[in-house]
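Only one structure is covered here, and it is reproduced in the block below.
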Amino acid sequence: MEIRIDGSDAMAHGETRTFDFPRNGRPAQGFLIRYHAGFHAYLNQCCHWPVALDMGDGDFYYAAADRIMCKTHGAVYQPDTGYCDFGPCVRSSLDSYPVQIHSGYVIITVPD
Ligand code: FES
């Protein structure tokens with residue numbers, strides 16, 4: 001399944017957008033992050049507990065640490081890989097999805 005996110009050219013470094021999709025027959029949410037010139041897409045679910053990273057506020061990027069941060073217990077993930085390098089789920093990785101970059105929009109491919 002492909003998901004189109006419009007307006008990606010206007011996204012600033014560290015800015016994120018959420019998107020909804022069905023995952024294993026249930027509603028799920030992912031997010032797209034602009035990180036420098038690139039874009040990366042992940043499942044909005046911590047590797048520690050099955051909770052949303054952002055607690056629903058749409059804010060994922062913690063600029064002071066240059067990391068995506070889980071707001072429940074503070075695990076941090078590398079924005080360009082999804083790899084957790086500090087916190088209770090260290091050495092695990094967020095579920096990631098391929099991103100195709102086009103002029104003005106991106107396409108995220110999530111499993112059907
Ligand atoms: S639930 Fe994310 S660090 Fe514990």
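Tabulated values for the structure
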| quantity | calculated |
| --- | --- |
| Single residue of the range 5-14 satisfying the filter (crowded, with 17+ Cβ neighbours inside 10 Å and not hydrophobic (A, V, I, L, M, F, W, C)) that is farthest from Ile107 (Cα to Cα) | Gly14 |
| Residue within the range 65-83 that is surrounded by 13 or more Cβ atoms within 10 Å (Cβ to Cβ) and in contact with a Ser or Thr (Cβ under 6 Å, 6 or more places away or on another chain) present | yes |
| Asp20 vs. criteria of a type in the set (Asp, Glu), outside any loop (DSSP other than H, G, I, E, B) and either at pLDDT 95 or above or out of contact with any Pro (no Cβ under 6 Å at 6 or more places or on another chain) (or both) | yes |
| Scope the range 1-17; condition outside any loop (DSSP other than H, G, I, E, B), in contact with a strand residue (DSSP E or B) (Cβ under 7 Å, 6 or more places away or on another chain) and of a type in the set (Gly, Ala, Ser); matching residues | Ser8 |
| Selection within the range 72-89 - touching a strand residue (DSSP E or B) at 6+ places or on another chain (Cβ under 6 Å) and not in a loop (DSSP other than H, G, I, E, B) | Val76, Tyr77, Tyr83, Cys84, Phe86 |
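Matching residues to (1) within 15 Å of the ligand (Cβ to nearest atom); (2) without any contact (Cβ under 8 Å) to a residue 24 or more places away in the chain:
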| site | (1), (2) |
| --- | --- |
| Phe31 | yes, no |
| Arg34 | no, no |
| Val51 | yes, yes |
| Asp57 | yes, yes |
| Phe60 | yes, no |
| Arg67 | yes, yes |
| Pro79 | no, no |
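The values are calculated or read from the model by the stated rules, or taken from the named source; none is laboratory data. Only a predicted model underlies this, so the values are computations on that prediction, with no experimental measurement involved. In this analysis, Cβ positions are derived from the backbone assuming ideal geometry, glycine residues included, and neighbour counts consider all displayed protein chains.
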